[in-house]
Amino acid sequence: MPSNARKNILKNLKRVVIKIGSSVISHHEPGKGLTQGLNPEMVLHYAKKIKMIVGKNCQPIIVSSGAIMAGRARLGINREFLSIPEKQACASIGQSFLMHTYEKKLDKQGLKAAQILLSHDDLGNRKRYLNAKHTIETLIDYGVIPIINENDTVTVDEIKIGDNDTLSATVASLVDAQALIILSDVNGLYTRDPGQRVPKGEAPAELISQVNRITPEIEKLAGKTTNRLAVGGMYTKILSAKKTMNSGIPCLLLNGLDKKSLDRFFDGEEVGTLFWSNKRKFGSRKHWIAHTLKPQGSLLLDPGACRAIAKGGKSLLPAGIKNVEGKFEFGNCVSLLNEKRKEIGRGLVNYNSSNLDQIKGMKTPAVRTLFSDHFYEEVIHRDDLALIE
Ligand code: GLU
């Protein structure tokens, strides 16, 4: 594996999205349980790092967690499970405190901060997505540091982005960043869980320096473990890396509790785990279809249709559809499944689910006769279809 990959990334680094996890900026005091609260020292530390990055002529865009964590501490709630309104209340209290702290610490570095709260509704609607982009671009033009979080106070679970690993991957492609850095409380991805005892005769856990392709084995390594203060675990980090790799953006996992890790990366050292495929697959619109929109249903395709769209660069026609699952409307995003039910792509449909159920498996002339006034030859046009590996 090329050990100079990080150096190559640094050469072209003009814009970087940095995700700061809750555990990175919280206190770690024994006996305090889940009411550790925000550690202003760590926010100051990262304000200094932001200044260092700006000094390198690179624009940092921050995605910061920590609202719920900070709100919990202010309300003194140590209980692990919170109801949705409780989480929203904590986020509402914590977010203003979090922002206030960033503002104060960045101000000391001579930098201005701006808060951006996003929800899936903002990102799932192309117009609002572009609107958010324009706002961020304008802030950057004015030299302001955008501090982004999910709008937790008004989103309920069903419509949530859910975790800031996912949000940061979407933001990286939204702003055309050259890298995403995820700071959490682990050094990166290991060959096995570093927290577990190694059975006799087996190899110890080793940090993986670079991943070029996210295989099912890599996904398995990530497991579904999580930390009680944070929402995502290694699994959401791997899925986020997959998203950024799909648009050719490298994703680096670093230990944010290690105050030297960002400097070490910017000094070109081989630190953390780097996910990089080195090829751009999607333009930003197809990336949005594949990774930002939530599929509202799925279409089970026959092998001929799978081949035509995966290898032949074709649009999806009604004839290749074997089954329609879920309820969706014209223009919604759906998943495309092969016969083994593996997802091979996503796209925007030209028919709603009940019309599609009527025409699945039909040849084009018959569909034209049935839907003369609102006939579309393609169920999903090629331009609205993104393949998934
Ligand atoms: N948006 C949540 C918060 O600020 C955090 C989500 C996450 O940790 O991924 O508390």
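The values are calculated or read from the model by the stated rules, or taken from the named source; none is laboratory data. Since the structure is predicted, the reported quantities are computational estimates derived from the model, not experimental observations. So basically every Cβ, Gly included, is an ideal-geometry build from the backbone, and we count neighbours across all protein chains shown.
Below is a table of values for the structure above.
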| item | result |
| --- | --- |
| So Arg213, is it at pLDDT below 85, under 26 Å from Val171 (Cβ atoms) and out of contact with any Gly (no Cβ under 8 Å at 6 or more places or on another chain) | no |
| Qualifying residues in segment 22-60 (those that are more than 16 Å from the ligand (Cβ to nearest atom) and under 24 Å from the mean Cα position of the chain (by Cα)) - the one nearest to Ser168 (Cα to Cα) | Pro60 |
| Set Tyr351, Tyr376: member being at pLDDT below 90, surrounded by 14 or more Cβ atoms within 10 Å (Cβ to Cβ), assigned to a loop (DSSP other than H, G, I, E, B) and not aliphatic (A, V, I, L, M) | Tyr376 |
| Residue that is surrounded by fewer than 14 Cβ atoms within 10 Å (Cβ to Cβ), within 22 Å of Leu254 (Cβ to Cβ) and out of contact with any helix residue (DSSP H, G or I) (no Cβ under 6 Å at 6 or more places or on another chain), where the choices are Asn78, Asn57, Asn8 | Asn57 |
| Some residue of segment 117-136 being in contact (Cβ under 8 Å) with a residue 24 or more places away in the chain, part of a strand (DSSP E or B) and touching a strand residue (DSSP E or B) at 6+ places or on another chain (Cβ under 8 Å) | yes |
| Extreme residue, farthest from the ligand (Cβ to nearest atom), among residues of segment 98-110 that are crowded, with 18+ Cβ neighbours inside 10 Å and either among the hydrophobic types (A, V, I, L, M, F, W, C) or outside any helix (DSSP H, G or I) (or both) | Leu106 |
| Criterion violated by Ile62 - all others in (1) among the hydrophobic types (A, V, I, L, M, F, W, C); (2) modelled with pLDDT under 95; (3) surrounded by 17 or more Cβ atoms within 10 Å (Cβ to Cβ) satisfied | (2) |
| Cβ-Cβ under 9 Å pairs, at least 6 apart or on other chains, segment 46-66 side within 12 Å of Ile25 (Cβ to Cβ), far side more than 16 Å from the ligand (Cβ to nearest atom) and of a type in the set (Val, Ile, Thr) | Ala47/Ile145; Ile62/Ile50; Ile62/Ile145 |
| Residue among Ala89, Ala114, Ala73, Ala67 that alone is of a type outside the set (Phe, Trp, Tyr) and more than 15 Å from the ligand (Cβ to nearest atom) | Ala114 |
| Residues satisfying the stated conditions in segment 288-327, i.e. assigned to a loop (DSSP other than H, G, I, E, B) and within 26 Å of Ala169 (Cα to Cα) | Thr292, Leu293, Lys294, Pro295, Gln296, Gly297 |
| Lone qualifier among Asn164, Asn212 - being surrounded by 13 or more Cβ atoms within 10 Å (Cβ to Cβ) and within 16 Å of the ligand (Cβ to nearest atom) | Asn164 |
| Counted residues, segment 76-86 - those being in contact (Cβ under 8 Å) with a residue 40 or more places away in the chain and within 15 Å of the ligand (Cβ to nearest atom) | 3 |
| Only listed residue being surrounded by 13 or more Cβ atoms within 10 Å (Cβ to Cβ) and touching a Cys at 6+ places or on another chain (Cβ under 6 Å), chosen from Leu180, Leu189 | Leu180 |
| Verdict on Val171 being touching a Lys or Arg at 6+ places or on another chain (Cβ under 6 Å), within 14 Å of the ligand (Cβ to nearest atom) and touching a residue at least 24 places away in the same chain (Cβ under 8 Å) | no |
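Listed here are the residues, each with its yes/no results for (1) closer than 11 Å to Gly347 by Cα; (2) β-branched (Val, Ile, Thr).
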{"residue": "Gly283", "(1), (2)": "no, no"}
{"residue": "Trp288", "(1), (2)": "yes, no"}
{"residue": "Thr292", "(1), (2)": "no, yes"}
{"residue": "Ser298", "(1), (2)": "yes, no"}
{"residue": "Cys306", "(1), (2)": "no, no"}
{"residue": "Lys314", "(1), (2)": "no, no"}
{"residue": "Ala319", "(1), (2)": "no, no"}
{"residue": "Phe330", "(1), (2)": "no, no"}
{"residue": "Cys333", "(1), (2)": "yes, no"}
